[in-house]
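The values are calculated or read from the model by the stated rules, or taken from the named source; none is laboratory data. This one's a predicted model, so the numbers in the text were calculated from it and none came from an experiment. Every residue, glycine among them, receives a Cβ derived from its backbone with ideal geometry; neighbour counts consider all protein chains shown.
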Amino acid sequence: MERLDLLNNMVGLPEPGVRIRAVVLTHDESVEHTGLVLPPAAAGHITIKLDNGYNVSYPSEAVQEWTGLPANEAPPSGELRAPAEDATLPRVRLIHTGGTIASKVDYATGAVEAKFEPEEMLDAIPELASIARLDAKKIGNMFSDDIRPQHWNIIAEACAEAFADGCRGVVVAHGTDTLHISSAALSFAFAGRGTRPAGPIVMVGSQRSSDRGSSDATENLLAAVHWAAYGPEPVGEAGDAVTVVMHHTQSDGVMAVHSGLAIRKMHSSRRDAFHPVNAQPIATLTFEPDGFRTEHLPWYDAVRNKAAERPVAASPTLYEAGQRIAQFIAGPWLHAEQIEAVVSTGVQAVVFHGTGLGHLPIDDPQNDAPENALLWRVITRCVNRELPVVVVNQCIHGPVDMNVYSKGRKQQQMGVLGHGLNATPEAVVAKLHWMLSQNMDIKHMLTMNLCGEHRETLRE
């Protein structure tokens, strides 16, 4: 046993990467912790990753004693336990992009990194073998905030390749921060031109990494693979070309299946971070002793039953990565010079996140806000240059309706587009980028329902 002299500080603390059992003094009692020493959260502190996955930090003088322990070791490379394959099960391909769902603790430093290999993910969750015949394809190990349109193309082509190889469905493991943007982008890639994917494309992530006791990774992945293997084939116009499967509530046991065109990440850390916008979930998946109980929401079955039959997309329509779309938030800090500066860089479209029903600060009724008049002029110049100017709703829920107030009617007369939009802002921008990439008539098609992004049934 190594002891720390509280007064004279004669014995130092362990280096990061050492697994210890430590006794620390809190404000009224001594407590014992077991875990991995991390780089300290602050100077003069010790930080320990507990065996349950959570981190604790204490001032170094609070440590009464500690002793080193054998390190926890990850399964040796090349010795993974491959579960036996059941030839009667449907084939599902896991496409690995990275993110928290593919993160684990680095046992050298205690840090959590996006480095879980596909084979390791399959080995860590042997229950997957009872749901489907799984194979994995790694196309990256990225946190989702680093994903760009060129990566959407790579993911889309990997999905098409999986279907060509005979897979019934595809699961895309993706970071949650931009998952709802990628799901919208893939939806248009496979269903924007009146087609549908050959089978379910399911995107899944986790809010908490696999090393944490509260991780949602396992349940999310099990449910996603189940939907890919047994969920209904997408019809394409029901917003189901791409779905997202995540926790339905904070608690375990029930997963939600969402339209990839109608969700948004609403919380930075909660397990039920994803919620539908102007919509409801497609279905719920409830864990039961003998598997999953699937319940479709009535609206989804109603839309599916009425949907026109669509051909399977021979290949996805891809995005031109070089397209530039500028986005601005309407409000007191929006100025004409900002727009002019950005437009001068050669953008292909401008999107404003409008207030209320989709309004912009372009009026000066009291002659005391010349900034607003300048905004009106610069937006008019953009329209006159045939640069698409689109308004989405920063309220998130509810439509863009520029017929209610005179402000909105004035914007329409200026040539500002967006009246009637009820899709998420992210889905609209992804659609705009996709249409620009396909050289489509944006003015005519922006508010058209191409694959379930603007269904009247989704309006509140």
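The single residue among Thr317, Thr294, Thr284, Thr243 that is within 19 Å of Ser144 (Cβ to Cβ), of a type in the set (Val, Ile, Thr) and outside the structural domain of Leu432 (by TED's automatic domain parsing) turns out to be Thr243. Among the residues in segment 264-275, are any under 28 Å from Ala87 (Cα atoms), of a type in the set (Asp, Glu), part of a loop (DSSP other than H, G, I, E, B) and assigned by TED's automatic domain parsing to the domain that holds Ser130? Scanning segment 264-275 turns up no residue that is under 28 Å from Ala87 (Cα atoms), of a type in the set (Asp, Glu), part of a loop (DSSP other than H, G, I, E, B) and assigned by TED's automatic domain parsing to the domain that holds Ser130. Considering the conditions (1) in contact with a helix residue (DSSP H, G or I) (Cβ under 7 Å, 6 or more places away or on another chain); (2) in contact (Cβ under 8 Å) with a residue 24 or more places away in the chain, Val312 is excluded by exactly one of them, (1).
Only one of the numbered conditions (1) in a loop (DSSP other than H, G, I, E, B); (2) more than 26 Å from Leu179 (Cα to Cα); (3) modelled with pLDDT under 85 is violated by Ala87, and that is (3). With Val351, Val347 as the choices, which residue is assigned to a loop (DSSP other than H, G, I, E, B) and within 29 Å of the chain's Cα centre (by Cα)? Answer to the selection: Val347. Considering segment 10-30, the residues that are β-branched (Val, Ile, Thr) and out of contact with any Leu (no Cβ under 8 Å at 6 or more places or on another chain) include one that is nearest to Glu65 (Cα to Cα), namely Val23.
Residue by residue, here is whether (1) without any contact (Cβ under 8 Å) to a residue 24 or more places away in the chain; (2) of a type outside the set (A, V, I, L, M) holds:
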{"site": "Leu318", "(1), (2)": "no, no"}
{"site": "Ala321", "(1), (2)": "no, no"}
{"site": "Gln327", "(1), (2)": "no, yes"}
{"site": "Pro332", "(1), (2)": "no, yes"}
{"site": "Gly346", "(1), (2)": "yes, yes"}
{"site": "Pro365", "(1), (2)": "yes, yes"}
{"site": "Val392", "(1), (2)": "no, no"}
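Inclusion of Thr176 among residues that are hydroxyl-bearing (Ser, Thr, Tyr), part of a loop (DSSP other than H, G, I, E, B) and out of contact with any Asp or Glu (no Cβ under 7 Å at 6 or more places or on another chain) is warranted. Under 17 Å from Gly192 (Cβ atoms), of a type in the set (A, V, I, L, M, F, W, C) and loosely packed, with under 13 Cβ neighbours inside 10 Å, is that true of Ala349? Judged against the criteria, Ala349 is not a match.
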